[in-house]
There are 2 protein chains.
Amino acid sequence: MFTTARRHLRNGGIELADIKYEIIEHVGVLSESPKGWTKELNLISWNGRDPKYDLRDWAPDKAKMGKGVTLTENDLTNLKGILNKLDL
Amino acid sequence: MFTTARRHLRNGGIELADIKYEIIEHVGVLSESPKGWTKELNLISWNGRDPKYDLRDWAPDKAKMGKGVTLTENDLTNLKGILNKLDL
């Protein structure tokens, strides 16, 4: 469990310091930037609530988080269907 | 092409008014909230730049946007692989 607070940064990132979150499961890494930020799908519990899937960028060592989206299991199922229809 | 400005709202949403964006392709809708916000994967050009995939919540009629993540085609390919390994 991590306790953090957040401050919006000029680069669009969010600095942590007052949010409680716990990464329940590291599901997968989509990519890594030249500066070492990783775009990750994780299962996260925010402020002790039920965990939700979460897609966002993270600085090395999870020191900062970027903006992201929360996804339900149903969202992931539908996203999987959408991606499997794309020519990727 | 839409010209918008954005203002951070208490509910975590972003109100639009000064960002230029164009939705090049509506790729798919993951879900819809009781208030009519939709979680969508789109191909969007921001400020006239090359379009990128974008996953975020939108208010009805695209009047407001929530926070989201930008995704490259490579991100989507990797995300597809991750989702296809999950028990969904």
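If neighbour count is taken as other Cβ atoms inside 10 Å, put A:D54, A:D75 in order from fewest to most.
The order, fewest Cβ neighbours first, is A:D75, A:D54.
Estimated at 0.36 nm per residue, the fully extended path between A:T38 and A:A63 surpasses their Cα-Cα distance by 7.8 nm. At full extension, B:L86 and B:T70 could sit 3.5 nm farther apart than now, given 0.36 nm per residue minus the alpha carbon distance.
For the rotation that carries chain B onto chain A, the axis lies closest to a Cβ at B:K67, 2, where the number is the distance in whole Å.
Taken together, the values in this text are just the output of simple stated rules run on the coordinates, not laboratory data. The structure presented is a predicted model; accordingly, all values stated were derived computationally and were not measured. Positions of Cβ are backbone-derived with ideal geometry, glycine not excepted, and every protein chain shown enters the neighbour counts.
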